Every structure is written in structure tokens, then in C-alpha cells.
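Taking it in order: structure first as C-alpha cells, then the write-up.
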Amino acid sequence: MNQQEALSAIQIAVNAGKIIRSTADNLHKWLTEPPYQEFVPTILEHVSAENWKQLDEVFWTVVPFGTGGRRGKLYPIGSNAINRRTIGESAQGLADYFIKYAVVEGYTGEDLRCAIAYDTRHGSREFAELCAGIMVAAGYQVFFLDGVRSTPEISFLVRYKRCVCGLMITASHNPPSDNAVKVYGPSGGQLLPPHDTGVVKCVNAVEEIHCAAFGAAVDAGKIVICQTEVDRAFTAAVAQQSRPGPRELKILYSPLHGVGATAVVPALLAAGFRDFSVYGPHSMPDPDFTYVPEHVANPERPVVFESMIHDFGKDTDLIIATDPDSDRMGIAAPKSTEPNAPWICLTGNQTAALLAESLLSSRAANCELTSENYLVKTVVTTELLTKIAEKYGVRAVRNLLVGFKYIGGTIETLGESGFLFGAEESYGYLIGAHARDKDAAVAAVVIAELAARVKADGGTLYTKLLELYRTYGVFAESQFRIVLPGATGMQQMKELMRKFRETPPETLHGMRVVDTIDYQHLLGPLDGDDLPLSATPGDVVILHLEKSGNYAAVRPSGTEPLIKVYTFAHAPVGTFEPEQVEAQYGLLQQQLEQIASDLKRFSGV
């Protein structure tokens, strides 16, 4: 079959309803335009085999390049898949944009530097070499980590080598079928205005992709292999956040088949921990996540800890797991020091609270805190962090939209000298200013140090959490998704968000909805004051209930027809007896279930 025959067959398939018109249009482009010629043989094979379902899936649209990068399913052809063309467009667009940015900002050609790293996924190394060649062809010098490495290390590398941009090939904790490219700006953070929209425009405008040969560029010094140097510097930067104290702690660590052992293990060693081991079944880099339940390597899922608790729970003090690119960390701990005590997987909010208390208490003890210090959280992260900040007299920046890039941007705005801690409920934490993205390695060090101190005092991280609840009140959080599938899903999502915004429910679990905060239009009170005008507009609505500390937040997904709903409940100190903390937490969880039920009913699901 030649190209003309394929085009005729494609038109017949459209007429027969086997593919949609947008699929045919994109196929026509890939079959006839010069930039796509390397993909023509594979397309012809698919058309000849009448593989219309697959062609429709990978060509019906263009996989979006969002402000954080481009993510999707791997397939060798297709505008709606991750492959050499869509990754190449991403790198070319990034190169084109920052050349323009460099001119505006007064950079010279010698300042055009780009950092590149990759993870253990299918195609990651190939895509990293492709991106490096594209950046070199555009006039950049590339600093390349020549082995699987963590996402926070690329954020560090951008800053360490004073690069104007960076690329990380990873799909984080997505299924094995996926891959992606994350892009970073000169701060080492993911892109914020005006860079985000500028890069998106440049990526969408790419036609020709120019690429230098990887090996020749290395030989010419255009690509600098700097893994050993940067590993050493990154570990040293993480180790700066370590504090003296007990180290008698038995740790089991899982990288969930990802890159985490390259970052977490050196960091724990540098911090003085010796009694730890890497969980064997999860230790090998594996793009299929073979020994992780359902092959979904996400430390937010308690199921990933089950085999570790079963195999080693009797003689382990702490279990740590990181996602495949090692920017998120989850932990499990025994509920007491009693033999055969049950274990619990802590939530992202609970871990954030423990980290914040550990950091602020240790610095306060050494007289290291000032009124210039601050911690940062997103609007859907626990308010327990605000209470902890208030106790120690530091500022809590708490009205950020979801996404760690906003935490990184806040550090740039307020200055890194006062920054202590950034957290989001989805298991992302940053301690110290060595990066502008969440970092599981530094979080692992700090949580291990806290666990060792608590163990020396006869407790566990769980008993420490109960202590926090007795001190600050009990905080409970939960979340669920409202999925709106089908062709009308995206429109239904927009309508439901409008309903939450304009005619919210009057009550939830018998409590009146007293305030509605609309981040899209920056409307509504916050602690009795107008919402700060400095807040970044975003599609988030918060419903405050008459009982203080009880509220819900709703926001749409940026890429899927679903709405994420977060619920929050609080019992202040004095409303429960100290010995009833666990019972009070259980009551709040039941309350959250009732609030969720009312919200689902309001949403019509």
C-alpha cells in the first residue's frame, strides 16, 4: 500500500464510521507532510491491516502540552500518543521559547544551558537522548544525567548549572503504559506565567524538528555528562537539612521499581542511618512495576505497603516508599511499640504535619526561627500545618492552587532564606531551598530522624501523630472523584463547577454552608477578610460550613472529565478528652463520609 492508497482507504473508513473526521485529518497530515515521513511506513502498516480502532485512539486529537509538560500513553505513531514526534515537538518548542526569553532577558549564547534527566520507564532513555540532540541543534549546551535519576535532582541541576530550562522524561506514578516530559524554567521549578503559556504556544507552533546526533554532541562537548558530580552535590544539599540526634532505627525502603534508590539511599547514608534495607521485590528498576499491586506504583495507595508490612513488619520501625521518579513519599508505621502491633499507612496530610512539627520544633530548640520564616501549602492541604506554624510564630502561606509549581514560585517571590517547608496533600514535600519541586529524598531523611527521636522516647510516628492531635485538635481529611464519562463529560464538568460556584448546597451533613470562596473570580471571605488579591486565579471552589474548620473544596481535572472533591473536618482542643483522640478521629471520618454523600447527591452521581 502506498500513501495515496492509504488516503483513499482512510476516507472510506470515515464514510463507514470506523474513524472520526479529526482522525482522518491528522492521518492526512502525517502521511503527506515532510516532517512526519519517518512515521509513514508504520502508518501504512496500520491502514493496510485496517487497524482502525488503534488509529482512531492515537490520532483523533493532539495530546495536549500543558503548563507542566506532556503526558500520555506510549505508541510509536500518533498525535495523541507519546512518541518521538510528540516528545520532539515538546523539546523543540521549549528550545524555541527560551531562545526568545534569553534575548529579552539579556542572556548571551553561552548562557543557553539545558538540564536533562530520565527515569526507568519504557522509552525514557531514547526520549532523553532525542531531547538532548534537539536542544544542542538549537544552540544549547546540555547537562545530562547519564543514568536513571529523580525528578528533584533535575530541579536541583537546573539551579546548580544555572540553566535556563530543564527536561525530565517521566510519567511519575502513572501506569506502565504511559510516559511524559516535564519541563522546568530557570528557577528549577515547573513553569509559571508568563513562561507556561509562552512555551505552550511555541510547542503548538512546531513544524520542523532539528536534532544533533547524541554521540557526536557528547564528543564535541555540547552534551556534558555530569551525573557523578551532580549526584554528589545533590546528596550534599539534601544532607544539609539533616539534624543531629538518635539514629537507632530499622528502616525498610521501597523505590517501587523506580529511581528512588539513587536519591533516597545516599541521602539516608549521608544523614547517618545505617540500619536500613531496600525491599527486594521492588528494588530493581522495572518499567512494568512487576511486583507492585495492579502495577500502579503510587505510595498514596496503602496496598503497595501490604507485602512489606507482612514480610518485615515484626522487626521494622518505619517503612518508606517513593514513587517511580522519587518526588513523592509515603510512609507506614506501627501503631505502638508493642510486639506484633498493627501498622498504619499515614496520609499525605498526616505526614506533612509530622514533618512540619519536627522541623519547627528542632529549629525552635536551637533558636533558629524568626518572623521571616514561612511554610507553604496548597488550599487542599491540611490546616493543621497552619496551627503548627502559629504555635512557632512563623508565617503559613496557605492559599495556593493545587500544584507544587506554586510552592516553588512562592519561594522565588518571598525568598529562599526564610523558607522552611512546602507541602501538598498528595504526598509531596520540600525541605530546604536546593530544589523548586517536591523531593522524596529530603523528606525521607527528616521523617527518619523524627522516627528515631520518637523511638528513643518510647513511641512511634503514629503515637507522635496522636500527640499532635491532642496539642492542636483533631484534623481529618478525605477526598473522592466525580467521574463524568462519555462525549459530554467535559461539558458536564463545567456545568457542575458552575453549579457549585453559583448555587452551592445549603447544608452538608446538617451544617449550613456559610461561605463560598471562588478562586476563579477571587470572590469570597477568608477568615473574615476578602480573599487576597495576590492569590492566583484558578478553578477551585471552597465551601465553608458553620462549624469552624469543616469545609469542602472542589476542582476540575485539567485533562480528564472528572471533579476532585476534598473534605475537611476538625475537632478543637477542649471538645474531646485527651485519651479519646482516636475515637474522635473516627467520628470525624464518619462525618466526612456523610458530607461526601451529600455532595454526591448534590452532584447527581
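Estimate the FRET efficiency between Thr197 and Glu593 by the formula 1/(1 + (r/R0)^6), using the beta-carbon distance for r and 45 Å for R0, to the nearest 0.05.
Values: r = 40 Å, r/R0 = 0.89.
Step by step, r from the Cβ atoms, then E = 0.65.
What's the ranking of 392-401, 498-507, 318-327 by average number of surrounding C-beta atoms within 10 Å, highest first? Write out the running numbers ahead of the final one.
Values: 392-401: 18.4, 498-507: 14.6, 318-327: 29.5.
Sorting 392-401, 498-507, 318-327 by mean packing, highest first, produces 318-327, 392-401, 498-507.
What distance in nm separates the simple spin-label points at Ser22 and Asp311, each placed 7 Å from Cα in the Cβ direction?
Rounded to a tenth, the inter-label distance reads 4.4 nm.
What is the angle, in °, between the Cα long axis of helix 581-603 and the longest principal axis of the Cα atoms in the chain? Nearest 10 is fine, range 0 to 90.
40 degrees
Tell me the angle of helix 227-239 to the major Cα principal axis of the chain, expressed in degrees between 0 and 90 and rounded to the nearest ten.
The helix 227-239 is inclined about 20 degrees to the chain.
Just report the Cα centroid separation between region 60-135 and region 446-510, whole Å.
34 Å
So how tilted is helix 195-204 from the main axis of the chain? Cα-based, degrees 0 to 90, rounded to 10.
30 degrees
Over the chain, average the accessible area per residue using a 1.4 Å probe and give it in Å², no decimals. The partial results should precede the final answer.
Details: 24270 Å² over 605 residues.
I get 40 Å² per residue for the chain.
Once every DSSP H run of n ≥ 4 in the chain is given -39500 (n - 2.57) and the sum is divided by its residues, what mean residue ellipticity at 222 nm do you get, rounded to the nearest 500 deg cm²/dmol? Don't jump to the answer; show the numbers that get you there.
Values: 19 runs with 235 residues, N = 605.
After summing the helix terms and dividing by residue count, I get -12000 deg cm²/dmol.
Can you pick out the pairs among Lys314/Lys564; Lys391/Lys547; Lys53/Lys438; Lys161/Lys564 whose Cα atoms lie more than 30 Å from each other? Provide the component values of the computation, followed by the final result.
On the way: Lys314/Lys564 37 Å; Lys391/Lys547 22 Å; Lys53/Lys438 39 Å; Lys161/Lys564 38 Å.
Going by Cα-Cα distance, Lys314/Lys564; Lys53/Lys438; Lys161/Lys564 fall outside the 30 Å limit.
Mind listing the Cα extents of region 136-202 along all three principal axes, in Å, largest one first?
Largest first, region 136-202 extends 31, 27, 23 Å along its Cα principal axes.
When only alpha-carbon atoms are used, what values of Rg and Dmax, in angstrom, describe region 550-605?
Looking at region 550-605, its Cα Rg and Dmax stand at 14.5, 45 Å.
Per residue, what volume in Å³ does the Cα convex hull of the chain take up?
Values: hull volume 96.3 nm³, N = 605.
Per residue, the Cα convex hull of the chain comes to 159 Å³.
Using a Förster radius of 41 Å, what is the FRET efficiency between Ser277 and Ala220 based on their Cβ-Cβ separation? Nearest 0.05, please. Could you put the intermediate results ahead of the total?
Values: r = 43 Å, r/R0 = 1.05.
Given R0 = 41 Å and the Cβ-Cβ separation, E is 0.45.
What is the sum of charges around Ile482, taking Lys and Arg as +1, Asp and Glu as -1, for the other residues whose C-beta is under 10 Å from the C-beta of Ile482? Before the final figure, lay out the partial values.
Working: positive: Arg481, Lys564, Lys600; negative: none.
Every neighbour counted, the sum reads +3.
If I stretch the segment between Val513 and Val296 completely, what's the gain in nm (0.36 nm per residue apart, minus their alpha carbon distance), one decimal?
Working: separation 217, 0.36 × 217 = 78.12 nm, distance 3.71 nm.
Result: 74.4 nm gained on full extension.
Could you pull the Cα extents of region 1-86 along its three principal axes, largest to smallest, in whole Å?
39, 26, 18
Give the average over all directions of the projected area of the C-alpha convex hull of region 292-378, one decimal, in nm². Don't jump to the answer; show the numbers that get you there.
Working: hull surface 30.6 nm².
Result: a mean projected hull area of 7.7 nm².
The values are calculated or read from the model by the stated rules, or taken from the named source; none is laboratory data. Every value quoted in this text rests on a predicted model; they were computed, and no experiment measured them. Here Cβ is always computed from backbone atoms with ideal geometry, including for glycine, and neighbour counts include all displayed protein chains. Accessible surface is based on the protein model in full, side chains and every heavy atom, while ligands, DNA and RNA are left aside. Shrake-Rupley method; radii C 1.70, N 1.55, O 1.52, S 1.80 Å.
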